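*Asks:* Once you've had a glance at the structure underneath, I'll fire off some questions.
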Amino acid sequence: MAELTLDSVTKRFDDVVAVDGVSVDIEDGEFLVLVGPSGCGKSTTLRMIAGLESISEGDIRLGTTSLSGKRPKERDIAMVFQSYALYPHMSVRQNMSFGLEESTDLSKDAIRGQVDEAAAMLDIDELLERKPGELSGGQQQRVALGRAIVREPEVFLMDEPLSNLDAKLRAQMRTELQRIQEDLDTTTVYVTHDQTEAMTMGDRIAILDGGQLQQVGTPLEVYHKPANRFVAGFIGEPSMNFFEMEVQGDRIVGDDFAYPLSDETREAVGDASHVTLGIRPEDIEVVSEATDSHDFETVVDVVEPMGNENNVYLSFSPEEEHSFVATVGGMRSVEPGQPVVARFSEDAIHIFDSE
Ligand code: ADP
């Protein structure tokens with residue numbers, strides 16, 4: 001069993017609290033994506049799991065065994081870095097076998113077999129005698145992965161492993177990495193700042209901000225039930241729209257529109273006097289005529305075509321810059337300057353504490 005537990009893990013660099021009391025249980029075989037903006041503590045967390053960084057407070061356990069005091073080599077963990085960190089003077093085969101020769105007493109034949117197997121899995125069997133300098137970025141990336149796979153570790157740690165690849169290759173490797181992880185069933189912690197990568201790859205996503213864990217959940221959970229405004233704004237593209245509203249009796253009132261409180265939103269509002277209303281771009285419908293008292297009149301500011309849908313940026317008056325965005329499906333065309341009506345249903349509303 002390789003359940004990985006982070007128990008109130010904190011890391012301080014002098015005055016900077018890089019990681020602040022993070023607790024998460026990563027299940028055996030799970031693919032957990034650690035995501036958040038630059039500087040939120042992702043790499044530091046990963047480096048503490050790897051043993052490359054000491055822990056200021058808390059504990060990290062693999063199964064029931066604490067990793068504290070164990071050197072990186074004594075941990076049954078393999079890390080894949082963004083930079084690949086391949087040895088330029090060694091062949092691909094040597095790069096892949098090096099760690100095994102160092103850390104195990106496997107026979108040369110056994111090591112050869114494991115390298116061949118990993119190379120076949122990654123489709124790099126033709127490249128084994130080449131040097132890293134003779135490989136493309138994508139191929140080097142595969143070698144870096146191969147080097148982790150041959151060790152058959154209990155845990156893979158991956159620090160933005162796809163960020164040096166172009167968009168097409170990145171998308172391809174995303175799927176491939178998932179397939180490999182599923183085949184091997186190795187507990188994996190994957191760090192990225194890219195929410196799309198997180199949403200498409202993770203069994204669960206852990207969202208960090210300012211060193212603190214904001215939410216852990218499946219992609220659907222964090223998307224549909226974001227724990228707070230930070231998560232709501234971070235997950236989803238284009239980002240969720242936010243409006244500051246004042247609670248007035250049975251409705252909430254903003255600068256440009258008011259909205260009645262349903263039973264559900266009333267519960268979320270509680271006894272707050274001000275709240276932030278969140279609405280996802282795809283939950284806003286753009287129509288030509290108002291038919292309901294909740295509909296509000298807007299003006300198209302900018303239209304961003306996205307292929308089979310458009311991101312339509314809307315303003316409440318022609319003078320102001322856009323204040324929110326709606327994603328409109330199909331080939332329906334709207335033009336900048338055109339008056340349109342926006343509407344959204346009560347069950348699509350998210351309520352957050354006012355900022
Ligand atoms: P991320 O990987 O999310 O970009 P990091 O874990 O690299 O974030 O960094 C988290 C915070 O800790 C940042 O404020 C960063 O400047 C700080 N930090 C990271 N490593 C060190 C270090 N060795 N010394 C001092 N501060 C550091």
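*Asks:* Restricting the search to the range 310-339, which residues are of a type in the set (S, T, N, Q) and surrounded by fewer than 12 Cβ atoms within 10 Å (Cβ to Cβ)?
*Replies:* Within the range 310-339, Ser317, Ser333 qualify.
*Asks:* Something else about it: For the range 124-148, give me each residue that is in contact (Cβ under 8 Å) with a residue 40 or more places away in the chain and buried (at least 18 other Cβ atoms within 10 Å of the Cβ).
*Replies:* Pro132, Leu135, Gln140, Gln141, Val143, Ala144, Leu145, Gly146, Arg147, Ala148, listed by residue number.
*Asks:* Go through the range 264-279 and report how many residues are modelled with pLDDT of 90 or more and among the polar types (S, T, N, Q).
*Replies:* So the answer is 2.
*Asks:* If we scan the range 289-296, do we find a residue that is out of contact with any helix residue (DSSP H, G or I) (no Cβ under 9 Å at 6 or more places or on another chain), surrounded by fewer than 14 Cβ atoms within 10 Å (Cβ to Cβ) and either farther than 17 Å from Arg343 by Cβ or not assigned by TED's automatic domain parsing to the domain that holds Ala342 (or both)?
*Replies:* Within the range 289-296, not a single residue is out of contact with any helix residue (DSSP H, G or I) (no Cβ under 9 Å at 6 or more places or on another chain), surrounded by fewer than 14 Cβ atoms within 10 Å (Cβ to Cβ) and either farther than 17 Å from Arg343 by Cβ or not assigned by TED's automatic domain parsing to the domain that holds Ala342 (or both).
*Asks:* What tally of residues in the range 1-40 results from selecting those that are aromatic (Phe, Trp, Tyr) and either in a loop (DSSP other than H, G, I, E, B) or within 12 Å of the ligand (Cβ to nearest atom) (or both)?
*Replies:* Residues that pass the stated criteria total 1.
*Asks:* Then there is this: Of everything in the range 218-235, what is under 13 Å from the mean Cα position of the chain (by Cα), of a type in the set (Gly, Ala, Ser) and surrounded by fewer than 19 Cβ atoms within 10 Å (Cβ to Cβ)? Give them in sequence order.
*Replies:* Within the range 218-235, Gly233 is the sole residue that qualifies.
*Asks:* Continuing with the same structure: Answer with yes or no whether Ala78 is assigned to a strand (DSSP E or B), more than 13 Å from the ligand (Cβ to nearest atom) and within 23 Å of Asp125 (Cβ to Cβ).
*Replies:* So Ala78 passes the test.
*Asks:* Could you grab the pairs with beta carbons closer than 7 Å, sequence gap of 6+ or different chains, first residue in the range 41-64 and over 12 Å from Leu4 (Cβ atoms) and in a loop (DSSP other than H, G, I, E, B), second one among the aliphatic types (A, V, I, L, M) and within 8 Å of the ligand (Cβ to nearest atom)?
*Replies:* Here the result reads Gly41/Ala18; Gly41/Val19; Gly41/Leu208, each pair linking the range 41-64 to a residue that is among the aliphatic types (A, V, I, L, M) and within 8 Å of the ligand (Cβ to nearest atom).
*Asks:* Please specify each residue of the range 41-55 satisfying the condition of being more than 12 Å from the ligand (Cβ to nearest atom) and over 11 Å from Lys70 (Cα atoms).
*Replies:* Listed by number, the list holds a single entry, Ile55.
*Asks:* Condition test on Arg61, is it assigned by TED's automatic domain parsing to the domain that holds Ser136, over 26 Å from Phe234 (Cβ atoms), in contact with a Gly (Cβ under 8 Å, 6 or more places away or on another chain) and more than 16 Å from the ligand (Cβ to nearest atom)?
*Replies:* no
The values are calculated or read from the model by the stated rules, or taken from the named source; none is laboratory data. Note that the structure is a prediction, hence the values are computed from the model and not measured. Note that we place each Cβ from the backbone using ideal geometry, even for glycine, and neighbour counts take in every protein chain shown.
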